[in-house]
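A short write-up of the structure that comes next.
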Amino acid sequence: MFENLLRELRKFEHGVRIEVRVETDEKGFLDRKCPHENCGEHFKVLLKDWKDKVPDAKAYCPICGGSARSTEWNTPEQERSFSDQAHNHVSQLIADANEKDVSAFNSRQPSGGFISMRMEHRRGLLLPTLPSRARDAFEQEFQCEQCACQYSSVGAAFFCPACGHNSAGSQYWAALEAVRKLLDGVEELRAHLEQSVGRDGARDIVRLLVENTATKLVGSFQRFAEVRYSEIAGQIPRRNVFQGVAAGSDLWLAVTGSSYESLIGPTDLATISRLFQQRHLFAHRDGIVDQDYVDRSGDRRFSPGQRLIVSVDEVRRVLDVLDRLARGMSNGPENANSGHDPSLPLT
Ligand SMILES: [Zn+2]
Ligand SMILES: [Zn+2]
C-alpha cells in the first residue's frame, strides 16, 4: 500500500545528497566562519576556489591557522538556511510519494458498496527558503602565493584557507600597515578615549600603544628575516639571531653578499639599530634607560635612569626604513632577476 513512500524512505538509509543554494557577495565570495572556539572569525573565500581548491578533508582559518573538514565552516545563517532547504526537499519527496500511494489506493476501491473507503493526503507546510544573505564584500582581499586561492577578511589574514600557506612576506607587510594605521589614527583615538576614560587614562593608553609598536615591529621583522633566510639558505637560522641588527646583518651578508647597510645606508641603519635597542629596553627594563642602551644605540637624548620617550614621528621614520630594508631582502639572490616578489604588495 505505501510502496512509493517506502521506496523513498529506503533511499535515506544510505544518506542522500541534497543540492542547496548559497548566496555570495557581489564579488562572488562565500561567507565562512572559523569553527574553532577561541577564534570564530568571519572571512570569505571565492566560491569557485572553495569548490575547486579547498580539499574536503581540510580547510584552514586565515586568521588563526586552525583546520577542520570543509563542511565545518558555515555561518549560523547558512546553517539555518541549509537545514530549511534540506527539510523542504525531504518534505517534498515524502509528500510526492505519499500522494501517489493515496491516489493508487483510492483508485483501487470499488464504488457503489455500503462502505466506501477513501484516503486523503495533506501536504505539510514548506518553510520559506531563501539562501542566507551574504555579508557585504570585505575590503581586504588576498591571493595565496602558493595555490592562488582568493579570500578576504576584515583586517589582516595570515593563512591560505585552501593550502594553509602562511606568507611571512604578507604577514610582515600587514604588520607594518597596522602600525601605520595606528599612528595615523592615534590623535583621534586619544580624543575618543578622553571622553570615556579621562585625559590621564587616554594619555597612558596611547603611550602604551606607541611603545608597543617597537616590540611589534622588531618581532615582525625577526620572523620575516628568519623565513627569508630559510628560503635562501635552505636551513633554519640560529635562534633570535635576527633580534640583533649587527648579528642579523652579518648573517645576511654571509648568505646573500649584502649587509643591511648596503641595502639601506648608514643613517637608516642607525635608525633601526635604535629601534631594536628600544625594544630591548621596553621588554626587559620597562623603558628605563641604562648605559648599555646609550652605548649600543648611540642615542644621547636620554641619560641612564631616565625613561625612554617614543614619538609618533620617530616610529613613522622607522616604519619607512623597515619597509625599504625588507624590500631589499626580498630581492635575494634566488629572485634577483625575476622582478617582482609575489609576497610584496604592489605599490
Ligand atoms: Zn580561526
Ligand atoms: Zn594556498
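Here, each number is a calculation from the coordinates, and none is a lab measurement. Note that the structure is a prediction, hence the values are computed from the model and not measured. Here the Cβ is made from the backbone with ideal geometry for all residues, glycine too, and neighbour counts use every protein chain on show.
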Find how much the distance from T75 to E145 grows on full extension, using 0.36 nm per residue of separation minus their present alpha carbon separation; answer in nm with one decimal.
-> 22.5 nm
Contour minus end-to-end for R317 and C39, with contour as 0.36 nm per residue of separation and end-to-end as the Cα-Cα distance?
-> 96.7 nm
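Quick one: Kirkwood hydrodynamic radius for the chain, alpha-carbon pairs, angstrom, one decimal?
Value: 25.2 Å, from the Cα pair sum.
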Helix-only CD estimate at 222 nm, as mean residue ellipticity for the chain, using -39500 (n - 2.57) per DSSP H run (n ≥ 4) = -17500 deg cm²/dmol
At a Förster radius of 35 Å, what calculated FRET efficiency corresponds to the Cβ-Cβ distance of K48 and S258, to the nearest 0.05?
-> 0.30
For segment 168-331, alpha-carbon Rg and Dmax in angstrom = 16.7, 54
Can you work out the FRET efficiency for the pair A156 and S83, with r the C-beta to C-beta distance and R0 = 25 Å, to the nearest 0.05?
-> 0.15
For N331, enumerate residues with amide H under 5 Å from its amide H, sequence gap 5+ or separate chain, H modeled in the peptide plane.
-> none
Post the alpha-carbon centroid distance, segment 187-232 to segment 169-186, in whole angstrom.
-> 9 Å
